[in-house]
Amino acid sequence: MSLIPHLNGFSLKNKLWHAEDVALSDIAKQFGTPTYVYSKKALTDAFNAYEAACVRSNGARRARVHYAMKANSNLAILNVFAKLGAGFDIVSAGELARVLAAGGSADKVVFSGVGKSKSEMIAALKAGVKCFNLESIPELTRLNEVAGSLGVKAKISLRVNPDVDPKTHPYISTGLKGNKFGIAYDDVIATYQAAAQMPFCEIIGIDCHIGSQITEISPYLDALDRVLDLIKALDATGIKIHHLDIGGGLGISYTNETPPAITDFANTLLNHIEDKGFGDLEVLFEPGRSLVGNAGLLLTTIEYLKPGETKNFCIVDAAMNDLMRPAMYEAYHAIVAVNDQSSASSMTYDIVGPICESGDWLGRDRQLKVEPGDQLAILSAGAYGFTMSSNYNTRGRAAEVMVDGGKVHLIRERETIESLFANEKLLPA
């Protein structure tokens, strides 16, 4: 039996699954499948849940939200958040270009990532980003040189690796000694002192991000305490920290996980910072999955039902190139029949795609009452769904639509086969 997560924006009405006020079956008829479907209401409500903690009762700011857009970088989604007042956390020059194209402001952009190229640094400096989160001495040295060549100062923050176990999947853990991210805790003071000597770098913050899909608050509090100790130690050396970037990583419910409510989570961290005597710091949140994960689903059509000796297979038109998380992480996504009133017999299926790989599966051992031609909705696919998709097997990537009440907007056209090799060239005759 599929475990259905708590959803906002998607519901079962009269035995038909809906995105807000629109039946998913109608979306499938209009736009075809596979198609990613997003709820504007769910996006907005998730953002406002952070804002409820970030804005004091008198209207003053406690903290700001910088959306970690690697989770989902569609321009329409970025535009929704930009209009709500969000900043953005980026990891490439391409993401910076997307923010600007979507109406975001460069001075609300934090540039993260371990491998920024010289050209990316130039683009970000010329745009005027809020801050660079730096992760090594070589990166610090390069940014100082690039900023000097442009005659500007780069505002910087160093990402601390606090060696805290986030208790999540090893592929999405980022705050342990063995991870590639951040500066080792014992090296942070010396690295800040080196940064203070860089003429074209201006220290403004400190950054920490310990992982993704974290469903407990305790790892955050452990990391916070270690970073706050560093801020105090830096102050004693004459290095003033103006903002604390506590990253993102709050998990969502895919099945029966019980992560803290967004507002409670944010309030707990902000109150902890204030209680420790650091209430004067500007605080940055960088949520990704918790803003978009349960605000989207992947709509797919059943091509064949293939009974087997040990397994029954439900073969659909979506595949691992459309949603990589199950193959990559063995991640669970709840899967439901769009029409919940089928007269078909209930059977246990593995839901698989047409890709020529045994790893091309989207769900295992799911109880479904379906027939060929029916649609399925793969839930909780708003984060790391489309952004991780590919053209493997020369498959065009899915269309994306956003539902706003009773209206459906196409926010990304389905790729055509011809477009996939439009930039390729044959050898000369």
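Can you name the number of the only condition in (1) among the charged types (D, E, K, R); (2) under 25 Å from the mean Cα position of the chain (by Cα); (3) surrounded by fewer than 23 Cβ atoms within 10 Å (Cβ to Cβ) that K276 fails?
If we test K276 against (1) among the charged types (D, E, K, R); (2) under 25 Å from the mean Cα position of the chain (by Cα); (3) surrounded by fewer than 23 Cβ atoms within 10 Å (Cβ to Cβ), just (2) comes out false.
Tell me which residues, restricted to the stretch 315-346, are free of Cβ contacts under 8 Å to residues at least 40 places away in the same chain and more than 22 Å from N256 (Cα to Cα).
Within the stretch 315-346, I315, S342, S343, A344, S345, S346 qualify.
Would you check if L299 is touching a residue at least 40 places away in the same chain (Cβ under 8 Å), touching a helix residue (DSSP H, G or I) at 6+ places or on another chain (Cβ under 8 Å) and not assigned by TED's automatic domain parsing to the domain that holds G205?
Yes.
So which of L284, L224, L323, L305 ends up being over 19 Å from the mean Cα position of the chain (by Cα) and buried (at least 19 other Cβ atoms within 10 Å of the Cβ)? Reasoning before the result, please.
Details: L284 fails: over 19 Å from the mean Cα position of the chain (by Cα); L323 fails: over 19 Å from the mean Cα position of the chain (by Cα); L305 fails: buried (at least 19 other Cβ atoms within 10 Å of the Cβ).
From the options L284, L224, L323, L305, the qualifying one is L224.
Whether any residue in the stretch 244-261 is free of Cβ contacts under 8 Å to residues at least 60 places away in the same chain, over 21 Å from the mean Cα position of the chain (by Cα) and crowded, with 20+ Cβ neighbours inside 10 Å is what I want to check.
For the stretch 244-261, residues free of Cβ contacts under 8 Å to residues at least 60 places away in the same chain, over 21 Å from the mean Cα position of the chain (by Cα) and crowded, with 20+ Cβ neighbours inside 10 Å: absent.
If you go through the stretch 45-70, how many residues are farther than 18 Å from L281 by Cβ, in contact with a Leu (Cβ under 7 Å, 6 or more places away or on another chain) and either in a helix (DSSP H, G or I) or acidic (D, E) (or both)?
Qualifying residue count for the region: 3.
Being part of a helix (DSSP H, G or I) and either among the aromatic types (F, W, Y) or closer than 20 Å to G385 by Cβ (or both) is the filter here; which residues of the stretch 1-29 pass it? It would help to see each step written out before you state the result.
From the stretch 1-29, those part of a helix (DSSP H, G or I) are 24-29; that's our starting set.
Matches in the stretch 1-29: L24, I27, A28.
Which pairs have Cβ atoms under 8 Å, sit 6 or more apart or on different chains, and link a residue in the stretch 230-243 that is over 16 Å from N133 (Cα atoms) to one that is loosely packed, with under 13 Cβ neighbours inside 10 Å?
Pairs that qualify, where the first residue is over 16 Å from N133 (Cα atoms) and the partner is loosely packed, with under 13 Cβ neighbours inside 10 Å, are L234/K240.
I want to confirm something. Restricting to the stretch 48-74 and keeping residues that are at pLDDT 95 or above and either in contact with a Cys (Cβ under 6 Å, 6 or more places away or on another chain) or surrounded by fewer than 17 Cβ atoms within 10 Å (Cβ to Cβ) (or both), which single residue is nearest to K130 (Cα to Cα)? Lay out the reasoning, then the answer.
Here is the first cut: in the stretch 48-74, the ones at pLDDT 95 or above are 48-54, 63-74.
Of the ones still in play, those that are also either in contact with a Cys (Cβ under 6 Å, 6 or more places away or on another chain) or surrounded by fewer than 17 Cβ atoms within 10 Å (Cβ to Cβ) (or both) are 48, 52, 63.
Working: N48: 22, A52: 23, A63: 15 Å.
Residue satisfying both the conditions and the ranking: A63.
The values are calculated or read from the model by the stated rules, or taken from the named source; none is laboratory data. Predicted model only: the values in this text are computed from it and were never measured. When we count neighbours, we look across all protein chains shown, and the Cβ atoms used for this are built from the backbone with ideal geometry, even at glycine.
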